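K.L.:
Shown below is the structure under consideration.
The values are calculated or read from the model by the stated rules, or taken from the named source; none is laboratory data. Owing to the predicted nature of the structure, the values given are computational and were not obtained by experimental measurement. Note: ideal-geometry Cβ built from the backbone for every residue, glycine included; neighbour counts use all protein chains shown.
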There are 6 protein chains.
Amino acid sequence: MSGRNISIYPGSFDPLTNGHLDLIERGAKLFDQLIVAILRNEGKTSLFTADERKEMLCASVKHLANVSVESFDGLLVRFAAEKGARVILRGIRAVSDYEFELQMALMNRKLQPELETVFMLPGEAYSYVSSRLVKEIYRLGGDVSDLVPPIVVERLKAKGSI
Amino acid sequence: MSGRNISIYPGSFDPLTNGHLDLIERGAKLFDQLIVAILRNEGKTSLFTADERKEMLCASVKHLANVSVESFDGLLVRFAAEKGARVILRGIRAVSDYEFELQMALMNRKLQPELETVFMLPGEAYSYVSSRLVKEIYRLGGDVSDLVPPIVVERLKAKGSI
Amino acid sequence: MSGRNISIYPGSFDPLTNGHLDLIERGAKLFDQLIVAILRNEGKTSLFTADERKEMLCASVKHLANVSVESFDGLLVRFAAEKGARVILRGIRAVSDYEFELQMALMNRKLQPELETVFMLPGEAYSYVSSRLVKEIYRLGGDVSDLVPPIVVERLKAKGSI
Amino acid sequence: MSGRNISIYPGSFDPLTNGHLDLIERGAKLFDQLIVAILRNEGKTSLFTADERKEMLCASVKHLANVSVESFDGLLVRFAAEKGARVILRGIRAVSDYEFELQMALMNRKLQPELETVFMLPGEAYSYVSSRLVKEIYRLGGDVSDLVPPIVVERLKAKGSI
Amino acid sequence: MSGRNISIYPGSFDPLTNGHLDLIERGAKLFDQLIVAILRNEGKTSLFTADERKEMLCASVKHLANVSVESFDGLLVRFAAEKGARVILRGIRAVSDYEFELQMALMNRKLQPELETVFMLPGEAYSYVSSRLVKEIYRLGGDVSDLVPPIVVERLKAKGSI
Amino acid sequence: MSGRNISIYPGSFDPLTNGHLDLIERGAKLFDQLIVAILRNEGKTSLFTADERKEMLCASVKHLANVSVESFDGLLVRFAAEKGARVILRGIRAVSDYEFELQMALMNRKLQPELETVFMLPGEAYSYVSSRLVKEIYRLGGDVSDLVPPIVVERLKAKGSI
């Protein structure tokens, strides 16, 4: 059964937060291989391009030997199948997260019954950190250096006002 | 990293339902070894003794090579440590389940930070099946043969009125 | 299609509250016939006997021509079938109510697929009134005359301290 | 009291899903007449025009003698009054649905106290199906033929990429 | 300890509703000074300008001696610090409100640990009233005079169709 | 308006946890006077008597000049009236807490409209700590010294096995 536990951790990561990073570290201990999968989201306006997001992720997970970073578009279940992954990893913080996650998990199971979604809890210190809030606080001039990895702080500063 | 994924699926299993069994089967695919851990619950009144519950579980999971059944009392985190388990597996159905599970998971992380709780979803057909409802329906003369494994139906009948 | 809309409103009604009564009045406008079904609950300790609860209900719904009161034990779905009812009526107040109600409704659908559960909202003034709270407040010497029909106030007083 | 149970099932239906259809079938058994009411939503961008949505709905409910399809704009309570309807029918799936539905129901009761909102549960197989998810999956090249009626699959294909 | 209880009640108030006003009146009884803080929200499209919103608020709270109205942009915690406020007051209605409010409160505590968020409940009659719903109902030609203060009705009428 | 902010923090405190203590410290900063009110709960079995609970509380809050400890039975709203309190303080952790708290707050407002309930958030580190869990962990031989004040650890040890 070796190698069977390839797991995908999908998200927009626009930008990566310490909450994401905490979950990646937890997942890396449980699964043989963890692929952080950046949703390209062509339709939506993102602050950072998919390439910028990938660069920040790669820099932040390089200490984790069994974690790789890729970007994808199209259906998540199809990307998982291409990668031979059997698990989608998701972090849940609040109850309202959970509801949405539940619907997605059931739909993904419908689309590909062999693919399981597993949920893990980020550390409590990150229970309220989201990419959206980080961007809002930064935009209003607040300090986000406790909320995101150092490379994200740098890149936000390089962007200037957002 | 071989053998690292020993997982514990704890519960009262009084009695085992098809929802539990569905989750055990899903977990058995993800983890190298899955220990179904019956909480003895000495203080509470249970319908079946821990030994009876273990017998029904063993009979129902014998087709799963990497699943074993044990009973425990005391702290779950201590039992997990004795077994070298790094994961607690829990099924979540409803939002109210989730809240309780979240509190337990955070407390268990506090008691033993290395132990992770992961959540999986049972099949939708089992989203409303609980041991409590099964007992209630059986007690009122309803048919529970779609809700529990055959051996549980037998043993309920052997008990007579409950 | 005449007579097809026989509806059952089940509960313990220990005791009847103004919130129950509000829902009965709303249901009576929607269904051809509404049967208020008192769960006898032999196992549990109730404040009022099933007969006392029935008497208070009958007195409180006598202005509603298409409402009758009965008591039952055993499975609700079986009682509904005996009565030719196709609908179970339930009031929902809070989200936590809803979760439990959802599980019951799915289980009842499993046991008898033709039986539908429909949910209605009691008036907002009753959103926090429950039999349990009424008993607690009365027990502590509080005034419950705004929370229950007059006959329930009388009968509580006749009981003395509870 | 004949004819009193005219019920309205409002929505955008952009597009109709099997979950909607399941609920329409359940509602058609309970009410004398069920009007599926398509919200025109002039302000919002919809994938299908109100006329296209109506055509797909008409084709999909033609086996239900007491169901008709109309479109409306303006206040739902006003449309209901024009139709002589006393009931708004809504399906609830998740807890977060329920919260929003509750607010709408209380507001509609405020605007027109005689109009009741009743909630029913779609079949579990549809608990995670929404128009939004269907469009998303189709857009990404996924197969939606289990999620929507055949005519919707056809019309999506006729649209090409969306 | 006099003067220590300066409290901030932040919001968009686009427009002020009777629910907001109810909460302001409750808060004014508890705190020595209550500052209603209008978020300017330059980025978003609002129906009324910040100045119009301020004017309607001032007119509606002039009977409350310890309530003042200001507008701000930037971080709420910074505005609170400038004002010497130690409390942020928020109203909670529904569970989904609460979740979002919880995340904001934890984030604000992270940004400024001395600032506490306290939650109060608006009167039940306002539990479903939101600015968004008020605008929607008005836009569709409904009567909102029970939902907002008289000056807001006037100003909506002055705007004409919205 | 001096002295108007007498606040009551009610609970069973069986036993006091660090989460309770955190909330008392937060409340003490906001209100002129904070009365910790121990519900005697004569009917229920408690681990510690009301006097023992009071002693542990007094020892743990003696550094807070404006906090006093009392015990009460009967209706909370009556106790609040006797004390001239206008505020009930409650901590909320999880969504399920919130629902129950909401019902109690609305009922208490009904019983005494002048009395307001305000909610505050305990520190995140305590979000999962409850008296029930503390007792459970202690009973199973776990270490609770991070979860409760030192005097509670002592008194639990003095009780021996519980």
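K.L.:
Looking at (1) under 20 Å from the mean Cα position of the chain (by Cα); (2) touching a residue at least 12 places away in the same chain (Cβ under 8 Å), which is the only condition E:Glu114 fails?
P.N.:
All conditions are met except number (1).
K.L.:
Separate question: When you go through A:Asp22, A:Asp32 one by one, which is the residue that is acidic (Asp, Glu), in contact (Cβ under 8 Å) with a residue 12 or more places away in the chain, closer than 26 Å to B:Leu34 by Cα and in contact with a strand residue (DSSP E or B) (Cβ under 7 Å, 6 or more places away or on another chain)?
P.N.:
Only one candidate qualifies: A:Asp32.
K.L.:
Given (1) part of a helix (DSSP H, G or I); (2) in contact with a Leu (Cβ under 8 Å, 6 or more places away or on another chain); (3) among the hydrophobic types (A, V, I, L, M, F, W, C); (4) more than 12 Å from every other protein chain (Cβ to nearest Cβ), where does A:Ala28 come up short, assuming only one miss?
P.N.:
(4)
K.L.:
In the range E:106-142, how many residues are in contact with a strand residue (DSSP E or B) (Cβ under 9 Å, 6 or more places away or on another chain), under 23 Å from D:Lys110 (Cα atoms) and aromatic (Phe, Trp, Tyr)?
P.N.:
1
K.L.:
Here is a further query. How about the range C:117-162: which of its residues are more than 14 Å from chain F (Cβ to nearest Cβ) and touching a residue at least 12 places away in the same chain (Cβ under 8 Å)?
P.N.:
Scanning the range C:117-162 gives C:Thr117, C:Val118, C:Phe119, C:Met120, C:Leu121, C:Pro149, C:Ile151, C:Val152, C:Arg155, C:Leu156, C:Lys159.
K.L.:
Take the residues of the range C:3-13 that are buried (at least 23 other Cβ atoms within 10 Å of the Cβ) and on the phi < 0 side of the Ramachandran plot: which is farthest from the chain's Cα centre (by Cα)?
P.N.:
The residue in question is C:Ser7.
K.L.:
Do we find that A:Glu101 is in contact with a Ser or Thr (Cβ under 9 Å, 6 or more places away or on another chain) and within 14 Å of chain E (Cβ to nearest Cβ) in this structure?
P.N.:
Yes; evaluated as a whole, the condition is true for this residue.
K.L.:
Does E:Ala59 count as assigned to a helix (DSSP H, G or I) and more than 11 Å from chain A (Cβ to nearest Cβ)?
P.N.:
Taking the combined requirement at face value, the residue satisfies it.
K.L.:
Could you tell me which residue of the range E:95-123 is modelled with the lowest pLDDT, considering only residues that are touching a Phe, Trp or Tyr at 6+ places or on another chain (Cβ under 8 Å) and of a type outside the set (A, V, I, L, M, F, W, C)?
P.N.:
If we take residues in the range E:95-123 being touching a Phe, Trp or Tyr at 6+ places or on another chain (Cβ under 8 Å) and of a type outside the set (A, V, I, L, M, F, W, C), then E:Ser96 is modelled with the lowest pLDDT.
K.L.:
What residue, of A:Val77, A:Val67, is within 14 Å of another protein chain (Cβ to nearest Cβ), under 14 Å from the mean Cα position of the chain (by Cα) and modelled with pLDDT of 95 or more?
P.N.:
Among A:Val77, A:Val67, only A:Val67 is within 14 Å of another protein chain (Cβ to nearest Cβ), under 14 Å from the mean Cα position of the chain (by Cα) and modelled with pLDDT of 95 or more.
K.L.:
Now a separate question. When you scan the range F:134-150, do you find a residue that is at pLDDT below 90, touching a helix residue (DSSP H, G or I) at 6+ places or on another chain (Cβ under 8 Å) and among the small types (Gly, Ala, Ser), even just one?
P.N.:
no
K.L.:
Here's another thing I want to ask about it. Scan F:Glu52, F:Glu82 and give me the residue that is of a type in the set (Asp, Glu) and free of Cβ contacts under 8 Å to residues at least 24 places away in the same chain.
P.N.:
F:Glu82
K.L.:
Let me ask something else about it. Determine which single condition B:Ser46 fails, assuming it passes every other condition in (1) away from every other protein chain (no Cβ under 14 Å); (2) out of contact with any Leu (no Cβ under 6 Å at 6 or more places or on another chain); (3) modelled with pLDDT of 95 or more.
P.N.:
(3)
K.L.:
Let me ask another. State all residues of the range F:21-62 that are more than 13 Å from the chain's Cα centre (by Cα) and surrounded by fewer than 16 Cβ atoms within 10 Å (Cβ to Cβ); if no residue qualifies, say none.
P.N.:
F:Asn41, F:Glu42, F:Gly43, F:Lys44, F:Thr45, F:Thr49, F:Asp51, F:Glu55, F:Lys62
K.L.:
Go through the range A:1-19 and give me each residue that's touching a helix residue (DSSP H, G or I) at 6+ places or on another chain (Cβ under 8 Å) and free of Cβ contacts under 8 Å to residues at least 60 places away in the same chain.
P.N.:
Once the filter is applied, which keeps residues that are touching a helix residue (DSSP H, G or I) at 6+ places or on another chain (Cβ under 8 Å) and free of Cβ contacts under 8 Å to residues at least 60 places away in the same chain, the range A:1-19 yields only A:Gly11.
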